[in-house]
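In what follows, a structure is listed as structure tokens, so that the remarks can point back to it.
The values are calculated or read from the model by the stated rules, or taken from the named source; none is laboratory data. These numbers come from a predicted model, not from an experiment. Positions of Cβ are generated from backbone atoms using ideal geometry, with glycine treated the same way; all protein chains shown enter the neighbour counts. In case anyone asks, the SASA skips ligands and DNA or RNA and just uses the protein heavy atoms, side chains included. Shrake-Rupley method; radii C 1.70, N 1.55, O 1.52, S 1.80 Å.
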Amino acid sequence: MTTSTDERTAFAESVRAFARDRLAAGALERAHAPGYPWDVAELLARQGLLGLTVPESDGGQGATLLDAVTAIREIGLVCPKSADVVQAGNFGALRTFAEYAGDEQKARFLPGFLAGTTLLGLAMSEPEAGSAVTDLTTSAEPDGGGYVVNGTKIWSTHSVEANVFLVYLRFGPGVGGIGSVLVERGTPGLEIGKPSSYLSGEQWAPLYFENCHVPAANVLLGPGGFKKQISGFNVERLGNAARSLALGRLAFTIARDHVLQREQFGRPLADFQGVQWKFADMAVALDGAELLLERAAANADDGLPSAYETSVAKLAANQAGFQAADQAMQVMGAMGYSTETLVEYCFRRTRGWMIAGGSLEILRNRIAEDVLGRRFSQRAPK
């Protein structure tokens with residue numbers, strides 16, 4: 001889609017203008033509204049902002065991963081909730097699906113995903129398999145022309161609203177036995193439990209599979225697919241990082257405007273050196289993390305970024321985004337703490353991304369392995 005710096009700048013400006021024209025109004029109300037904003041999804045689809053990295057031959061835009069990162073940044077700087085839709089339509093489960101789905105699967109599901117009328121959720125974590133995802137026990141046993149799925153999933157992305165779930169499960173023992181299937185909402189044997197609310201304002205529901213029959217045509221990656229799935233998951237991490245930075249910058253901007261106007265002790269808050277240093281530290285962290293994110297996206301090999309560069313980018317972006325939201329709230333005082341601005345929302349969302357999609361601790365483990373040139377097993381010795 002974009003091949004030069006000038007083209008990328010023009011693309012960013014066009015997305016920014018669209019966001020200001022169509023999404024700025026109602027951004028605060030949208031942030032606090034429960035549920036998935038389906039109207040925004042269809043609006044973004046008509047603008048060509050869903051399926052950016054999906055090949056044109058499959059109905060997408062044929063853009064680069066860096067274009068998708070640019071889009072999520074520009075949308076998030078105006079309307080944080082809408083950035084979640086860009087994430088769902090370009091990163092995470094959608095990107096894994098687009099990379100590995102067969103032609104028949106793409107024909108069945110991609111049109112709805114790219115139109116914003118259907119939503120793909122990711123079901124990976126389990127009660128006893130969070131960061132230790134290879135410990136998952138949800139199973140798929142052969143049954144005639146398909147498989148019978150049994151198990152439980154928790155903290156599944158878009159579990160309350162999704163029409164289709166990409167489910168990580170076990171076809172057999174060991175890492176080599178892990179793959180994934182597509183399970184449509186309403187499939188007999190799939191029960192969606194009572195939603196739980198989280199600090200971010202999101203709701204996630206447990207998924208219970210009890211003798212849930214999945215046809216062979218719904219297998220995305222069979223046994224041995226785990227490494228491919230994790231490669232696709234690295235794209236989700238870049239989307240997570242991009243939203244962290246966008247919301248951090250949004251909080252930074254709101255707080256900057258506040259301290260330039262708000263007066264205490266007879267002068268603007270911006271005149272106090274302690275406030276100035278906060279903004280200097282925020283700017284350095286945000287700028288540095290953005291460069292690391294762009295490096296990971298630009299260096300993506302065949303559309304998938306490296307695990308090392310992804311981990312570095314997500315770690316830096318998660319910390320910078322939360323630091324900016326946290327300090328923005330501090331300098332704004334009670335106004336920043338209030339739901340009358342987006343700052344407290346940015347604070348809550350950026351805090352969650354330091355856990356979701358790979359915790360900061362897991363990222364540090366992964367970075368250390370690359371730096372030191374060896375793997376460090378986290379498992380207890382047998």
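Can you tell me which residue in segment 149-183 is nearest to Thr138 (Cα to Cα), limited to those that are open to solvent by 60 Å² or more (accessible area, probe 1.4 Å) and part of a loop (DSSP other than H, G, I, E, B)?
Out of the qualifying residues, it is Pro173.
Looking at this structure, is Lys314 of a type in the set (Lys, Arg), in contact with a helix residue (DSSP H, G or I) (Cβ under 8 Å, 6 or more places away or on another chain) and closer than 19 Å to Phe233 by Cβ?
Considered against the rule, which asks whether it is of a type in the set (Lys, Arg), in contact with a helix residue (DSSP H, G or I) (Cβ under 8 Å, 6 or more places away or on another chain) and closer than 19 Å to Phe233 by Cβ, Lys314 comes out as yes.
Identify the residue in segment 349-373 that is charged (D, E, K, R) and open to solvent by 40 Å² or more (accessible area, probe 1.4 Å) and, among all such residues, is farthest from the chain's Cα centre (by Cα).
Looking at residues that are charged (D, E, K, R) and open to solvent by 40 Å² or more (accessible area, probe 1.4 Å), I get Asp370.
Just give me the residues in segment 255-300 being loosely packed, with under 15 Cβ neighbours inside 10 Å, within 30 Å of Gly51 (Cβ to Cβ) and either of a type in the set (Gly, Ala, Ser) or modelled with pLDDT under 95 (or both), in sequence order.
Once the filter is applied, which keeps residues that are loosely packed, with under 15 Cβ neighbours inside 10 Å, within 30 Å of Gly51 (Cβ to Cβ) and either of a type in the set (Gly, Ala, Ser) or modelled with pLDDT under 95 (or both), segment 255-300 yields Ala298, Asn299.
Looking at the structure I just gave you, is Thr96 polar (S, T, N, Q), closer than 21 Å to Ala297 by Cα and open to solvent by less than 10 Å² (accessible area, probe 1.4 Å)?
Yes; evaluated as a whole, the condition is true for this residue.
Got a sec? Which of Gly321, Gly358 is at pLDDT 95 or above and either of a type in the set (Gly, Ala, Ser) or under 25 Å from Leu52 (Cβ atoms) (or both)?
Testing whether each residue is at pLDDT 95 or above and either of a type in the set (Gly, Ala, Ser) or under 25 Å from Leu52 (Cβ atoms) (or both) leaves just Gly321.
With segment 252-361 as the region, which helices (runs of 4 or more DSSP H) entirely inside it contain at least 2 residues that are more than 25 Å from Val78 (Cα to Cα) and not hydroxyl-bearing (Ser, Thr, Tyr)?
The helices (runs of 4 or more DSSP H) meeting that bar are 273-298, 307-332.
Tell me, please, whether a residue that is over 25 Å from Asp39 (Cβ atoms), open to solvent by 10 Å² or more (accessible area, probe 1.4 Å) and within 21 Å of the chain's Cα centre (by Cα) can be found in segment 66-85.
Checked against the condition, which is being over 25 Å from Asp39 (Cβ atoms), open to solvent by 10 Å² or more (accessible area, probe 1.4 Å) and within 21 Å of the chain's Cα centre (by Cα), segment 66-85 yields at least one hit.
Does segment 208-224 include one or more residues that are farther than 16 Å from Gly92 by Cα and within 21 Å of the chain's Cα centre (by Cα)?
Among the residues of segment 208-224, not one is farther than 16 Å from Gly92 by Cα and within 21 Å of the chain's Cα centre (by Cα), which makes the answer no.
Out of the residues in segment 184-200 meeting the condition of being in a strand (DSSP E or B) and under 26 Å from His32 (Cα atoms), tell me which one is most open to solvent (accessible area, probe 1.4 Å).
Of everything passing the filter in segment 184-200, Ser197 is most open to solvent (accessible area, probe 1.4 Å).
Which numbered condition trips up Gln105, out of (1) at pLDDT 95 or above; (2) polar (S, T, N, Q); (3) closer than 21 Å to Thr9 by Cα?
Unmet condition: (3).
If the requirement is being under 22 Å from Pro127 (Cα atoms) and out of contact with any Phe, Trp or Tyr (no Cβ under 6 Å at 6 or more places or on another chain), which of these qualifies: Asn218, Asn234, Asn211?
Step by step, each of Asn218, Asn234, Asn211 is checked, and only Asn211 is under 22 Å from Pro127 (Cα atoms) and out of contact with any Phe, Trp or Tyr (no Cβ under 6 Å at 6 or more places or on another chain).
Just to verify a result, which residue in segment 301-315, among those that are surrounded by 22 or more Cβ atoms within 10 Å (Cβ to Cβ) and touching a residue at least 60 places away in the same chain (Cβ under 8 Å), is farthest from Arg256 (Cα to Cα)?
Pro305
Which one is surrounded by the fewest Cβ atoms within 10 Å (Cβ to Cβ), of the residues in segment 110-143 that are part of a strand (DSSP E or B) and among the hydrophobic types (A, V, I, L, M, F, W, C)?
Ala129
Say whether the condition of being under 15 Å from Val214 (Cβ atoms) and under 20 Å from the mean Cα position of the chain (by Cα) is met by at least one residue in segment 129-145.
no
Which of the following residues is touching a Gly at 6+ places or on another chain (Cβ under 6 Å) and of a type outside the set (A, V, I, L, M, F, W, C): Gly102, Gly76, Gly60?
Gly60
List, please: which pairs have Cβ atoms under 7 Å, are six or more places apart or on different chains, and start with a residue in segment 188-216 that is farther than 12 Å from Lys153 by Cβ and end with one that is aliphatic (A, V, I, L, M) and in a loop (DSSP other than H, G, I, E, B)?
Lys194/Ala205; Pro195/Val160; Pro195/Ala205; Gln203/Val160
What's the total number of residues in segment 208-233 that are of a type outside the set (A, V, I, L, M, F, W, C), open to solvent by 20 Å² or more (accessible area, probe 1.4 Å) and more than 16 Å from Val164 (Cα to Cα)?
Qualifying residue count for the region: 8.
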